[in-house]
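Engineer: Dropping the structure in here first, questions after.
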Amino acid sequence: MTELKLGPMPAIGLGTWPLTGEAARKAVAQAIEVGYRAIDTAHGYGNEKEIGAGIRDSGIARKDVFVTTKIWPDRLAGDEIGRAVDDSIERIGIGPLDLVLVHWPNPDIPLAETLTALDAARQAGKTRLIGISNFTTRLIAEAMKVGVPLFCNQVEFHPFLDQKKVLAATRAAGLYLFAYSPTARGRVTQSETLKTIGARYGKTAAQVALRWILQHDGVGYVAKSASPERMRENLATTDFALTDAEMAAITALADGKRVVDIDVSPEWDT
């Protein structure tokens with residue numbers, strides 16, 4: 001497998017929601033064994049401790065794995081961010097982190113306050129990079145006005161939700177985009193278009209959807225699986241390339257249907 005990177009971060013990572021407990025620990029250790037070098041977790045997932053245990057179980061050197069976590073909206077106040085990052089570091093238990101994201105925006109806390117405090121945690125050596133997640137075009141513009149160095153925007157992104165406006169705004173801001181729920185929680189496996197294209201390459205419909213993501217400039221993905229076989233499939237997306245016509249056919253599947261829309265979601269771009 002050829003490893004793709006977006007800056008210092010592998011373009012393909014393991015998502016860990018909603019894995020918890022022993023399942024989460026085991027999945028992380030197995031993922032590292034089959035070749036993953038980026039692991040994604042969050043305070044809100046309730047599995048940071050197990051993710052750290054899985055990394056330690058794998059025996060991998062700390063420098064060889066890229067770890068991302070995210071701060072829940074209730075801890076985005078300026079006097080809370082540093083402690084929230086400290087708590088994640090303690091739970092994961094492998095030292096300073098690689099990337100810390102604002103998991104969801106909190107409209108009751110000024111974004112400048114949040115990002116300035118998060119950048120202070122970066123400058124203190126608690127994390128190498130900081131970024132945002134679930135930010136709309138309006139929020140991206142607001143974040144960039146703060147003037148702190150952001151790395152990426154992590155959002156739901158798949159053939160049914162192509163995020164044209166958010167992708168354009170993310171690129172214009174000089175950020176990478178990382179896709180979560182990249183297979184739309186399995187919906188891609190039902191697409192005749194994706195299955196037909198996959199048959200040409202000996203790939204599954206899910207692998208075609210993941211390849212479509214990677215062929216967007218500056219875009220990577222985190223895909224959740226607890227099965228080593230599926231983990232390998234989710235990694236095996238760098239040994240073929242879709243044609244322009246195939247890319248267009250997949251993009252045409254977009255219908256704007258999300259699989260993640262919760263109480264703390266912002267007003268989405270349409």
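Engineer: Averaged over all directions, how much area does the convex hull of the C-alpha atoms of the stretch 10-109 cover when projected, in nm²? Write out the running numbers ahead of the final one.
Structural biologist: On the way: hull surface 24.3 nm².
Averaged projected hull area, Cα only: 6.1 nm².
Engineer: Excluding same-chain residues fewer than 8 positions from residue 49, which aspartates and glutamates have a Cα within less than 14 Å of its Cα?
Structural biologist: In chain and number order, the partners are 22, 40, 57, 86, 87, 90.
Engineer: Looking at the chain only, what percent of DSSP beta bridges run antiparallel? Nearest 5 please. Don't jump to the answer; show the numbers that get you there.
Structural biologist: Working: 3 of 31 bridges.
Antiparallel bridges make up about 10 percent of those DSSP assigns within the chain.
Engineer: Right, another one. Which lysines, on any chain, are close to residue 5 with Cα under 18 Å apart, when same-chain ones fewer than 8 places away are left out?
Structural biologist: Straight-line reach from residue 5, under 18 Å: 63.
Engineer: Let me ask you something else. Run through every distinct alpha carbon pair of the chain and return the Kirkwood hydrodynamic radius in angstroms, one decimal place. It would help to have the intermediate numbers written out before the result.
Structural biologist: Working: mean 1/r = 0.0536 Å⁻¹.
After inverting the mean inverse Cα-Cα distance, the result is 18.7 Å.
Engineer: Using Cα-Cα distances under 8 Å and only pairs 6 or more residues apart, what relative contact order does the stretch 136-199 have, in percent?
Structural biologist: Working: 55 pairs, mean separation 22.6, N = 64.
The normalised contact order for the stretch 136-199 reaches 35 percent.
Engineer: Still on this structure: Leaving out ligands, DNA and RNA, what percent of the accessible area of the stretch 98-139 is carbon and sulfur, probe 1.4 Å? Don't jump to the answer; show the numbers that get you there.
Structural biologist: Numbers: 790 of 1530 Å².
Looking at the stretch 98-139 in its full context, I get 52 percent from C and S.
Engineer: Next question, about the same structure. In Å², and per residue, what accessible area does the stretch 1-150 have when probed at 1.4 Å with the other protein chains present?
Structural biologist: On the way: 6090 Å² over 150 residues.
Ligands and nucleic acids excluded, the result is 41 Å² per residue.
Engineer: For the stretch 74-118 and the stretch 1-68, what is the separation of their C-alpha centers, rounded to whole Å?
Structural biologist: Each part reduced to its Cα centre gives a spacing of 20 Å.
Engineer: What's log10 of I(q)/I(0) for the stretch 51-178 at q = 0.15, 0.18, 0.22 Å⁻¹, Debye sum over Cα points only, no solvent?
Structural biologist: -0.70, -0.96, -1.26
Engineer: Alpha carbons only, please: Rg and Dmax for the stretch 93-132, in angstrom.
Structural biologist: Considering the stretch 93-132 through its Cα atoms, Rg and Dmax are 10.7, 32 Å.
Engineer: Continuing with the same structure: Given contacts defined as C-alpha pairs under 8 Å and at least six residues apart, what's the relative contact order of the stretch 1-133, whole-number percent?
Structural biologist: Values: 230 pairs, mean separation 27.8, N = 133.
Normalised by residue count, the contact order of the stretch 1-133 is 21 percent.
The values are calculated or read from the model by the stated rules, or taken from the named source; none is laboratory data. Everything numeric in this text was worked out from a predicted model, so none of it was measured. All accessible areas refer to the heavy atoms of the entire protein, side chains included, with ligands and DNA or RNA removed. Shrake-Rupley method; radii C 1.70, N 1.55, O 1.52, S 1.80 Å.
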